[in-house]
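Only the coordinates and a few stated rules stand behind these numbers; no lab work does. Everything numeric here is computed off the predicted structure, so don't read it as measured data. Glycine also receives a Cβ, built like all others from the backbone with ideal geometry; neighbour counts cover every protein chain displayed.
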Amino acid sequence: MQEKIKSLFRPTSEDRFNIYQSAEEAKNAKLRNKQISKVLKQHKKEELKKLKILLLGTAESGKSTITKQMKIIHSNGFDMSERLEKISDIRRNIQQSIVVLLSAMDRMKIPLHNKDNELSRDFIMKEAGNPESHRRNEFLDHVEKLWNDAGMQECYGKSHGFQLIDCAKYFLDKIPEIKSPAYVPSDQDILRCRSLTTSIQHTEFEVPDGGHQVKFDVYDVGGQQGERKKWIQVFDSVTAIPFRCGLFVSVLLFINKIDVLAEKIARGRDIAELTKLYPEVFPNFEKFTPSKSDIMEFLEAYPSYNNETCKKSRSVSRHDVHPDTIKTAVYIKHLFMKIVRGELQLRQRITQQAPNWHDGHSCEYFYTCAIDTNNVQRVLNGCRSLIIQNHLRRFGII
Ligand SMILES: Nc1nc2c(ncn2[C@@H]2O[C@H](COP(=O)(O)OP(=O)(O)OP(=O)(O)O)[C@@H](O)[C@H]2O)c(=O)[nH]1
Ligand SMILES: [Mg+2]
């Protein structure tokens, strides 16, 4: 389409001087004008049916996991070759996890319970820098022995105190299955697998809405600091005329990994202690008390096998959710909403450039657990209506 528009705009020699020598030339110019209007109209019509979504967030915040869920929910999911391709990433996740755990054991002076496993530890640490060793089953045999060691389990119990990827336990528990030559990663394995994004990933899919198909263009970018300079490229493409809608479209805040938060708190992570270390970033955490409606809203979003029962009873407590989990998630939500509304000053260098950057944005929040397809499906349904409404409003349709 863009090519078509460009070709129509390509100036002829008459256009350059804007002088029409004859009635014939004037007629031709009029005709081309008409063609341009027609193409632009058509383009606008097509753009109306297309919604561009940009997923932004820090590294490991779950952007690619949300994109994978969109593929599962709205596209055809993953075919066999895509599944098999994930095996080496999964094995790499296992290698990364066990090396981090062994280093932590060393630091915390936790010995291996079974002395025979020291051979396995030496093997793994010797191979730590070898990018190919995860491919060998011998490697996984050693990891399996180590993971079953009581000393290793003690170290894992203290893992809230050091940086370990979220999928470590999930894949370490699955080594016997992963070692099998018949292993094919399931949807859940793919969702759990960590591989950092280093280029802009573009996914398209269509969603039925009110009797017609709405096209979604989703851009997933890398969240690591070195990757963030690439974000501007995507902003450019979504804001360029006639894709201008991108810049002022709704901001949807996903407060993700609520299950990880719950698990860390259950394993002894003291959030009050943590927030005290960064009082400027987390002001007044200790004094904060979530309202009854805040609590109910969080519990409704929190994944559970009997969520329906919870919703019906409109309960403000649940035996499987620690009060600190609710307090922390709701606190984070309030913090972000204050920032978006401009009620809380961000650091100087951000506010200096655009003090009213939040003007013109609508911001909605969702508590999410990106590895849970039911949760994401519910959240995406809510987002879809909001995005479509804002989009139509922008084009003056409603
Ligand atoms: N338990 C749990 N794990 C999650 C959740 N969301 C993402 N993860 C895991 O967190 C890890 C990182 O997720 P990604 O989707 O790769 O993160 P990202 O934001 O794309 O990271 P970059 O590409 O580096 O910017 C993966 O192992 C995911 O399975 C969640 O809600 N709960
Ligand atoms: Mg990613």
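A quarter of the convex hull surface defined by the alpha-carbon atoms of segment 80-192 gives 6.8 nm² as the mean projection.
Computed from the C-beta positions of Ser180 and Leu56, the FRET efficiency with R₀ = 41 Å rounds to 0.60.
Taking 0.36 nm per residue of separation and subtracting the Cα-Cα distance, full extension of the segment from Lys169 to Leu277 would add 36.1 nm.
On full extension, the segment bounded by Lys126 and Ser103 gains 7.0 nm, given 0.36 nm per residue less the C-alpha separation.
With no solvent and one equal point scatterer placed on each C-alpha of segment 77-133, evaluate the Debye formula and give log10 I(q)/I(0) for q = 0.18, 0.22, 0.29 Å⁻¹, two decimals. Per q value, in the given order, log10 I(q)/I(0) is -0.69, -0.87, -1.20. Take the Cα of Asn374, step 7 Å toward its Cβ, do the same at Arg136, and the gap between the two points is 4.4 nm. For Val39 and Arg228, the difference between the fully extended length at 0.36 nm per residue and the C-alpha to C-alpha distance is 64.5 nm. Note on Ala150 and Asn114: their simple-model spin labels are 1.2 nm apart, each label 7 Å out from Cα toward Cβ. May I ask you to list the residues of segment 52-88 whose amide nitrogen lies under 15 Å from a point 7 Å from Cα along the Cα→beta-carbon direction of Lys215? Zone members listed by number: 52-53.
To the nearest 0.05, how large is the calculated FRET efficiency for Gln201 and Glu286 if R₀ is 51 Å and r is the Cβ-Cβ distance? It comes out at approximately 0.80.
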